[in-house]
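Participant: Let me give you the structure first, and then I'll get to my questions.
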């Protein structure tokens, strides 16, 4: 991650937790958070655990703390099937509910692109955690959009740096062949400019291989991989595309320890279908998997033991479940820090605007 | 009793050949158009306009386009999504290159661009028919989407491959871009639809439409009586693609706001084809009914459990929606294989005899 990007990330955090405007009088009954989910369709394997993580964390806050600062959280799910037009429909349906959405998590780069221009008009903050438009990290131009804690660009450079480490130094990258297999959509293409830049800088040979959505059909892609025989493969897939890619890689005996998935391509559901062959597959994420954290004990105690869990207890702690938890946590803390007494009329964006002027 | 033309005499050829020869129809349609233009912008909230009515107007235009080709000229096409993408990308390139150009002019030019592309992909129709032609147009669908994905020039070298509708005004009123209000976008989409629906209705009543239908019903017979298959079929492709192109441009500029090629994938082609089949092949009204069915019924089904007070999980709700929707399609096609337009026609005939059927 370059210093500049890091700085932007820190700034974004600072701005989110920035100074408050004077407290507003009216105390709302609840905080409304729309949840754009996809529990059906080709992307459901990735969509279900995230949605469960979100819901479980909000249930936990309501059960344990009585909400955020004593104000209950209300949410409503809307099924998008990862389709942009359905996402827009859901956003329109839910943005005004419960006195106005506190923030929206689009959970699709395509939908995020749709919502970025709308959010500024509707004054609804968009929180695209580690996805969406990378350029929107710059709060000067996108005051309503947050993609903290990190972006596809910083991830791409982190992955290249990791490869450099494994090869024994970034100068050793010269002449190495690296393939980027990506979902042929705004999401998958997002890392390409960074990779191209780094390829020029370090002199490795970059091959960009697009896989059309949803990604069940990858035979031709992996034929190209076999012909090219790259030293490293970086995968930016989603949903069923990940499972197919990993299975294909196993079937051509590609060395798994040279196969890196980005944070949407490294969940339990992606590797299980490939069986033992997938052992050693590398995933790049910005949070840890597993249930070894205090939060999970709390979730078990306050949510699952009371029979209020959104999913199966055994699936708590999956990579994408934890992503949902992390995202819900950031959302909740952003709401908490921005509004000591949350007003329906004046949600978090008001603060954001005044804060961004002073912070940047 | 109410719906009867007794006493309405036609004294000129013009009156006899009018689109709506019966007074009651004229009144009904005029009222319908007035209501469509005036009521939603005044009373509908943003959700209804943005998520229901604007896509409805745009899909209806695309369905009319495909109906001209498939319903009237008998050429099955699965390339609708591709032709809509041509319209969308052409409009994007035109309006970013010539920002001063009126956006309506841009839509028409984008339609013409799509018509040119449609003309090229219509060439195989001279030799192949039916299902084989469907496969050939499928090639258009995949090729065009691949092209827009591959060549970054079409998206002005956007790294994400996304095109975004820039802010444009018509007579000083913001029409596209994030600041355009839903009522304005709705009225523009409806205006375009009204004009082009009228044009389509007149096209199919005139010489061109009659030659299309002649080709559809028996191409050899049509050729013998002097209809030139080459010109007629290509014209059908061009006109149909023009409509789809305009609809595609509106799809991005008035509805989605920004889009990637994923928005124009094969699913869209099938969706429009289903609208045409369910609405009624060879009927302009059918295009409207089909679009309304496909757009409105899923939204109705999504919101129905909640309105009834049943708090179903979203996944179950979605699956129920798909099942009921599929069931309804099968039901309507069994009841009336010629589509909703035919149902409407039958009910009109019944209404004329009411309350004294033979």
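The values are calculated or read from the model by the stated rules, or taken from the named source; none is laboratory data. Worth saying up front: this structure is predicted, and the values here are computed from it rather than measured. All Cβ positions, glycine included, derive from the backbone under ideal geometry; neighbour counts span all protein chains shown.
Participant: Which members of region B:203-225 meet the condition of being within 23 Å of residue B:247 (Cα to Cα) and either without any contact (Cβ under 8 Å) to a residue 12 or more places away in the chain or within 16 Å of the chain's Cα centre (by Cα) (or both)? Let's see the steps before the verdict.
Facilitator: Restricting attention to region B:203-225, the residues satisfying the condition of being within 23 Å of residue B:247 (Cα to Cα) are B:203-205, B:208-209, B:212.
Matches in region B:203-225: B:203, B:204.
Participant: Which of the residues belonging to region A:40-50 are facing chain B (nearest Cβ under 10 Å) and either surrounded by 24 or more Cβ atoms within 10 Å (Cβ to Cβ) or assigned to a helix (DSSP H, G or I) (or both)? Before you say what the answer is, go through the steps one by one.
Facilitator: As a first pass, look at region A:40-50 and keep what is facing chain B (nearest Cβ under 10 Å): A:40-41, A:44, A:47-48.
Within region A:40-50, A:44, A:47, A:48 qualify.
Participant: Hey, can you tell me all the residues within region B:300-316 that are part of a helix (DSSP H, G or I), within 11 Å of chain A (Cβ to nearest Cβ) and in contact with a helix residue (DSSP H, G or I) (Cβ under 6 Å, 6 or more places away or on another chain)? Full working, then the answer.
Facilitator: Filtering region B:300-316 for residues part of a helix (DSSP H, G or I) gives B:300-307, B:314-316.
Restricting the remaining residues to those that are within 11 Å of chain A (Cβ to nearest Cβ) gives B:302-303, B:306, B:314-316.
The answer is B:302, and nothing else.
Participant: Name the residue that is farthest from the other protein chains (Cβ to nearest Cβ), counting only residues in region A:175-211 that are part of a loop (DSSP other than H, G, I, E, B) and surrounded by fewer than 21 Cβ atoms within 10 Å (Cβ to Cβ).
Facilitator: Let us first name the residues in region A:175-211 that are part of a loop (DSSP other than H, G, I, E, B), namely A:175-176, A:184-185, A:190-191, A:203-204.
Subsequent filtering for residues that are surrounded by fewer than 21 Cβ atoms within 10 Å (Cβ to Cβ) retains A:175-176, A:203.
On the way: A:175: 26, A:176: 23, A:203: 22 Å.
So, considering only residues that are part of a loop (DSSP other than H, G, I, E, B) and surrounded by fewer than 21 Cβ atoms within 10 Å (Cβ to Cβ), the one farthest from the other protein chains (Cβ to nearest Cβ) is A:175.
Participant: Out of the residues in region B:177-191 that are in a loop (DSSP other than H, G, I, E, B) and touching a strand residue (DSSP E or B) at 6+ places or on another chain (Cβ under 8 Å), which is farthest from residue B:39 (Cα to Cα)? Break it down stepwise before answering.
Facilitator: Pass one, region B:177-191, residues in a loop (DSSP other than H, G, I, E, B): B:177-181.
Filter once more, so that each one left must be touching a strand residue (DSSP E or B) at 6+ places or on another chain (Cβ under 8 Å): B:177, B:180-181.
On the way: B:177: 24, B:180: 19, B:181: 16 Å.
Among them, the one singled out is B:177.
Participant: Looking at (1) touching a helix residue (DSSP H, G or I) at 6+ places or on another chain (Cβ under 8 Å); (2) part of a loop (DSSP other than H, G, I, E, B); (3) surrounded by fewer than 19 Cβ atoms within 10 Å (Cβ to Cβ), find the lone condition where residue A:295 falls short.
Facilitator: Going through (1) touching a helix residue (DSSP H, G or I) at 6+ places or on another chain (Cβ under 8 Å); (2) part of a loop (DSSP other than H, G, I, E, B); (3) surrounded by fewer than 19 Cβ atoms within 10 Å (Cβ to Cβ) one by one, residue A:295 breaks only (2).
Participant: Shifting gears a bit: Filter region A:75-92 down to the residues that are free of Cβ contacts under 8 Å to residues at least 40 places away in the same chain and at the interface with chain B (Cβ under 8 Å from one of its Cβ atoms) and list them by number.
Facilitator: A:84, A:85, A:88, A:89, A:92
Participant: Ok, one more. What number goes with the only condition from (1) outside any loop (DSSP other than H, G, I, E, B); (2) under 27 Å from residue B:202 (Cβ atoms); (3) in contact (Cβ under 8 Å) with a residue 40 or more places away in the chain that residue B:281 does not pass?
Facilitator: (1)
Participant: Would you mind finding the one in B:31, B:49 that is in contact with a helix residue (DSSP H, G or I) (Cβ under 9 Å, 6 or more places away or on another chain) and assigned to a helix (DSSP H, G or I)? Explain how you work it out, then say what you get.
Facilitator: Values: B:31 fails: in contact with a helix residue (DSSP H, G or I) (Cβ under 9 Å, 6 or more places away or on another chain).
Only one candidate passes the filter, namely B:49.
Participant: Which members of region B:154-168 meet the condition of being free of Cβ contacts under 8 Å to residues at least 40 places away in the same chain and touching a helix residue (DSSP H, G or I) at 6+ places or on another chain (Cβ under 9 Å)? Give the derivation first.
Facilitator: If we filter region B:154-168 for residues that are free of Cβ contacts under 8 Å to residues at least 40 places away in the same chain, which is where we start, we get B:157-159, B:167.
Residues satisfying the conditions are B:158, B:159.
Participant: Restricted to region A:151-162, and to residues that are away from every other protein chain (no Cβ under 14 Å) and crowded, with 22+ Cβ neighbours inside 10 Å, which residue is farthest from residue A:50 (Cα to Cα)? So that I can check it myself, show each step before the final result.
Facilitator: Taking region A:151-162 first, the residues away from every other protein chain (no Cβ under 14 Å) are A:154-155, A:157-162.
Filter again for crowded, with 22+ Cβ neighbours inside 10 Å, leaving A:154-155, A:159-160.
Working: A:154: 22, A:155: 20, A:159: 24, A:160: 27 Å.
So the residue we want is A:160.
Participant: Can you find a residue in region B:266-275 that is farther than 21 Å from residue B:213 by Cα, facing another protein chain (nearest Cβ under 10 Å) and touching a strand residue (DSSP E or B) at 6+ places or on another chain (Cβ under 6 Å)?
Facilitator: No, region B:266-275 has no match at all.
Participant: Scan region B:303-311 and give yes if some residue there is in contact (Cβ under 8 Å) with a residue 24 or more places away in the chain and surrounded by fewer than 23 Cβ atoms within 10 Å (Cβ to Cβ), otherwise no.
Facilitator: Restricting attention to region B:303-311, the residues satisfying the condition of being in contact (Cβ under 8 Å) with a residue 24 or more places away in the chain are none.
No, that holds for no residue.
Participant: Limited to region A:212-233, what total is found for residues that are more than 27 Å from the chain's Cα centre (by Cα) and part of a helix (DSSP H, G or I)? Walk me through it before giving the result.
Facilitator: Kept after step one, since they are more than 27 Å from the chain's Cα centre (by Cα), are these residues of region A:212-233: A:219-220, A:223-231.
When the remaining residues are screened for being part of a helix (DSSP H, G or I), the result is A:219-220, A:223-228.
So the answer is 8.
Participant: So which of B:28, B:68, B:101, B:34 is crowded, with 22+ Cβ neighbours inside 10 Å and either more than 18 Å from residue B:137 (Cβ to Cβ) or at pLDDT 95 or above (or both)? Let's see the steps before the verdict.
Facilitator: Details: B:28 fails: crowded, with 22+ Cβ neighbours inside 10 Å; B:101 fails: crowded, with 22+ Cβ neighbours inside 10 Å; B:34 fails: crowded, with 22+ Cβ neighbours inside 10 Å.
After applying the criteria, what remains is B:68.
Participant: How many residues are closer than 27 Å to residue A:154 by Cβ, part of a helix (DSSP H, G or I) and more than 12 Å from every other protein chain (Cβ to nearest Cβ) when one looks only at region A:93-140? Walk me through how you get there before you give the answer.
Facilitator: Step one: list which residues in region A:93-140 are closer than 27 Å to residue A:154 by Cβ, which gives A:102-120, A:124-140.
When the remaining residues are screened for being part of a helix (DSSP H, G or I), the result is A:109-120, A:134-137.
Those left that are additionally more than 12 Å from every other protein chain (Cβ to nearest Cβ): A:137.
So the answer is 1.
Participant: Another question about this same structure. Which number in (1) loosely packed, with under 14 Cβ neighbours inside 10 Å; (2) in a helix (DSSP H, G or I); (3) free of Cβ contacts under 8 Å to residues at least 24 places away in the same chain marks the one condition that residue B:348 misses?
Facilitator: Failing condition for residue B:348: (3).
Participant: Then there's this: Could you please find all residues in region A:216-244 being within 14 Å of chain B (Cβ to nearest Cβ) and within 14 Å of residue A:264 (Cα to Cα)?
Facilitator: Of everything in region A:216-244, those that are within 14 Å of chain B (Cβ to nearest Cβ) and within 14 Å of residue A:264 (Cα to Cα) turn out to be A:236, A:238, A:239, A:241.
Participant: Right, something else. Within region A:51-71, does at least one residue satisfy the condition of being at the interface with chain B (Cβ under 9 Å from one of its Cβ atoms), at pLDDT 85 or above and under 22 Å from the mean Cα position of the chain (by Cα)?
Facilitator: Taking region A:51-71 as the starting set, the residues that turn out to be at the interface with chain B (Cβ under 9 Å from one of its Cβ atoms) are A:51.
Those still in the list that are at pLDDT 85 or above too: A:51.
If we keep only those that are under 22 Å from the mean Cα position of the chain (by Cα) as well, we get A:51.
Yes, because at least one residue in region A:51-71 is at the interface with chain B (Cβ under 9 Å from one of its Cβ atoms), at pLDDT 85 or above and under 22 Å from the mean Cα position of the chain (by Cα).
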